[in-house]
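Trainee: What follows is a structure written as structure tokens; I'll ask about it next.
The values are calculated or read from the model by the stated rules, or taken from the named source; none is laboratory data. This one's a predicted model, so the numbers in the text were calculated from it and none came from an experiment. Cβ: placed from backbone, ideal geometry, glycine included. Neighbour counts: every protein chain shown. The protein model used for the area step is the full one, side chains on, heavy atoms only, and it has no ligands, DNA or RNA in it. Shrake-Rupley method; radii C 1.70, N 1.55, O 1.52, S 1.80 Å.
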Amino acid sequence: MGIVQPRRAAAEVSDEDFKKLADAVAQLDQKVETLQQTHEKDQETIRQLQRQIGKTKAIASDAQQKADDATQKLQQPVNPMVDLSNAATHNVVLAGDAEIQFGRTTGQHSSFTLADFAPIFLYRANDNILFEVGFDIRLQNGAASLQNNQTGNLGSQTSVDLSFAQLDYILNDYVTVVAGDMLLPLGTYQERGAGWLNKIPDDPLPRSILPSSGVGVLLRGAFPVGKAGDSLTYSIYGVNGPSSVDGTGNSTYTDNNGNVMPNLDLGGNIGITSSGNNANLHNDPSGGGRLGYFHAFKPHYDFEIGISGQRGEWDNAGNRDWSAAVVDAAVHVSPYFELKGEYINTWVETDDIGTFKPNGWWIQGSYKLAGLGLEMPYISNVELVSRYDMLNDGLGTKTTRTTAGVVYYFTNTLQFEGDYEWLRSRGPAAVPDSAFILQLSYGF
């Protein structure tokens, strides 16, 4: 018999190893339980998404049904008595400005001198037919309405003036036909001089020797030239032109109060005589126009220069002409600095004193303090402005004026303007001395 080997005893497990094994089994059970909970949450999320998809499909189906119903209604025959061809092409816009002034002239009491509302109604009939009309409704101190030699107190005076009323027909990209009572392109100030855009409360002195508007027809447009941004602008027009107060070609006339007044009426010829007949007050209309060139170096850096003029009869007999020539220029250097001005010369032929030549010029500069980059809100809302203007009436009176002012912008269209004017006037029609003016302006 072989020898039987003794069996090896089983290895013994220590208490420490057993504890480690028990902890590992417990951790594994915990992981399994966590995975089961995560699986249940994922299943609930899937069920919620399925419910949301079902609701979305229902909403989409309902929307499609409504769209089908609307399409069916649109396809139904339209009542032939109702013309809807232009129903969505008419647009009416109200724009304009309003001002209130407080001021004082040397030797007079300070007061609120002016409240002005100038609405502009814009109407678009279709893509190429436009109509625009502007009014100037003004409440002013009655004393300002007194003539040179009058005395007394007229109280307040309210006036309603038609500033312009014109029909615009856009013939093509380069020609627009304008007809009606139009702002005349003699220089650029009249067309760009709304109260809240002007930056100084009153107009340059030499603008008083030019008509602001005229009744007639105008062609205007622009052509691109050279590099992108440059353009050549043009305007050519025919209007009734100025007229004579008493019908003669004399330089002056005497009113009912015995005052000697200028006889030239720059805006008086509207084609209706004092008897009510429709007729031009003199033989032929006046003609005029402007040619301008605009050059852009880059955004906010540009200059513009233009030359304009008008010539025509002004007395009823048609023997005397009134003529004007204007050179205008404007420069922008950055969004903060602007310099602009005009030189104006006119010729008035008369029966009694020959030809006299009212003339003048003005230059205006402005700088917005935001250009200093101070990041100070109140300072950055301030713009400094100054203007020098001169007027020679051709009859012996010469007036010069230096203005320094400030504009504070509450918003882009609500602003407060304040300036002081040093005025020097000599001659038979001298005007009052220095003054300060405060104005609150709103453009809309």
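Trainee: If contacts are Cα pairs under 8 angstrom and at least 6 residues apart, what is the relative contact order of the range 88-443 in percent?
Mentor: Relative contact order comes out at 13 percent.
Trainee: If you don't mind, another one. Explain nothing, just compute: Karplus ³J(HN,Hα) = 6.51 cos²θ - 1.76 cosθ + 1.60, θ = phi - 60°, for every residue of the range 406-417 in order, whole Hz, x for Gly and Pro.
Mentor: Using θ = phi - 60°, the values come out as 9, 10, 10, 9, 6, 9, 5, 10, 10, 8, 10, 10 Hz.
Trainee: Same structure again: With a 1.4 Å probe and all protein chains kept in place, how do Y388, Y174 rank by accessible area, largest first?
Mentor: Per-residue accessible area, sorted high to low, gives Y174, Y388.
Trainee: Just name one of V331, G341, A317: the one whose Cα is farthest towards the positive end of the charge dipole of the range 311-353 (beta-carbon charges, Lys/Arg +1, Asp/Glu -1).
Mentor: Looking along the dipole axis, the top candidate is V331.
Trainee: Give me the 1.4 Å probe accessible area per residue for the range 348-444, excluding ligands and nucleic acids, in Å².
Mentor: 51
Trainee: In Å, what Kirkwood hydrodynamic radius results for the range 88-443 from the alpha-carbon pair distances? Don't skip to the end; give the middle numbers.
Mentor: On the way: mean 1/r = 0.0451 Å⁻¹.
After inverting the pairwise mean of 1/r, the radius is 22.2 Å.
Trainee: Can you sort T252, T56 by solvent-accessible area, 1.4 Å probe, largest first? Don't jump to the answer; show the numbers that get you there.
Mentor: On the way: T252 55, T56 85 Å².
Accessible-area ranking of T252, T56, largest first: T56, T252.
Trainee: In the full protein assembly as shown, how much of F135 is accessible to a 1.4 Å probe, in Å² to the nearest 10?
Mentor: Rounded to the nearest 10, that gives 70 Å².
Trainee: Roll a 1.4 angstrom probe over the protein heavy atoms and tell me the percent of accessible area of the range 88-443 that is carbon or sulfur.
Mentor: Numbers: 10670 of 18200 Å².
Using a 1.4 Å probe with all protein chains present, the range 88-443 comes out at 59 percent carbon and sulfur.
Trainee: Scan around D315 for amide H atoms under 5 Å from its own, H built in the peptide plane at 1.01 Å from N, and keep only partners 5 or more places away or cross-chain.
Mentor: Answer set, sorted by chain and number: R320.
Trainee: Using the Karplus curve 6.51 cos²θ - 1.76 cosθ + 1.60 with θ = phi - 60°, what ³J(HN,Hα) values do you get for each residue of the range 430-439, in whole Hz, with x for Gly and Pro?
Mentor: 4, 9, x, 7, 4, 7, 10, 9, 10, 9
Trainee: Quick one: if you stick a label point 7 Å off each Cα along the C-beta vector at I59 and F410, how many nm between them?
Mentor: 4.4
Trainee: Still on this structure, I have one more. Would you mind calculating the gained length between H109 and V245 on full extension (0.36 nm times residue separation, minus the Cα-Cα distance), in nm to one decimal?
Mentor: Gain in length upon complete extension: 45.6 nm.
Trainee: Now a separate question. Mind checking the full-extension length gain between A125 and V431? Use 0.36 nm per residue of separation minus the Cα-Cα distance, one decimal, nm.
Mentor: Extending this stretch completely gives an extra 105.5 nm.
Trainee: Mind grabbing the accessible area of K20 for me, 1.4 Å probe, Å², rounded to tens?
Mentor: So the heavy atoms of K20 present about 120 Å² to solvent.
Trainee: Cut-off under 17 Å on the C-alpha distance; same-chain residues fewer than 8 positions from K298 excluded. Which lysines are left, in chain and number order?
Mentor: Of all the lysines, those that pass the test against K298 - Cα under 17 Å, at least 8 places apart if same chain - are K227.
Trainee: Per-residue counts of other Cβ atoms within 10 Å, averaged by peptide: what ranking do you get for 286-292, 94-100, highest first?
Mentor: Top to bottom by mean Cβ count within 10 Å: 286-292, 94-100.
Trainee: Roll a 1.4 Å probe over the protein heavy atoms and report the accessible area of R47 in Å², nearest 10.
Mentor: Accessible area of R47: about 100 Å².
Trainee: Once you've got the Cα coordinates, tell me which of K340/K368; K357/K398; K340/K398 are over 18 Å apart.
Mentor: Result: K340/K398 exceed 18 Å.
Trainee: Taking H placed 1.01 Å from N in the peptide plane, check which residues at least 5 places from G241 or on another chain put their amide H under 5 Å from its amide H.
Mentor: Amide H to amide H, under 5 Å and 5 or more residues apart or across chains, G241 pairs with V215, S286.
Trainee: Now for a different question. Using only the heavy atoms of the protein chains and a 1.4 Å probe, how would L184, L423 rank by accessible area, largest first?
Mentor: Heavy-atom accessible area, descending, gives L423, L184.
Trainee: For the range 227-236, take each phi angle, set θ = phi - 60°, evaluate the Karplus expression 6.51 cos²θ - 1.76 cosθ + 1.60, and give the result in whole Hz per residue in order, putting x for glycine and proline.
Mentor: Whole-Hz 3J(HN,Hα) from phi for the range 227-236: 6, 4, x, 7, 8, 10, 9, 9, 8, 9.
Trainee: Okay, next question. Would you grab the residues whose amide H sits under 5 Å from the one on D351? Only those 5+ places off in sequence or on another chain, please, with H modelled 1.01 Å from N.
Mentor: Here the answer is G249, N250, S251, since their amide H atoms fall under 5 Å of that of D351.
Trainee: To the nearest 20 debye, what is the magnitude of the charge dipole of the range 88-443 about its Cα centre, counting +1 on the Cβ of each Lys and Arg and -1 on the Cβ of each Asp and Glu? Walk me through the numbers on the way to the answer.
Mentor: On the way: 20 positive and 37 negative charges, 130 e Å.
Result for the range 88-443 is approximately 620 debye, rounded to the nearest 20.
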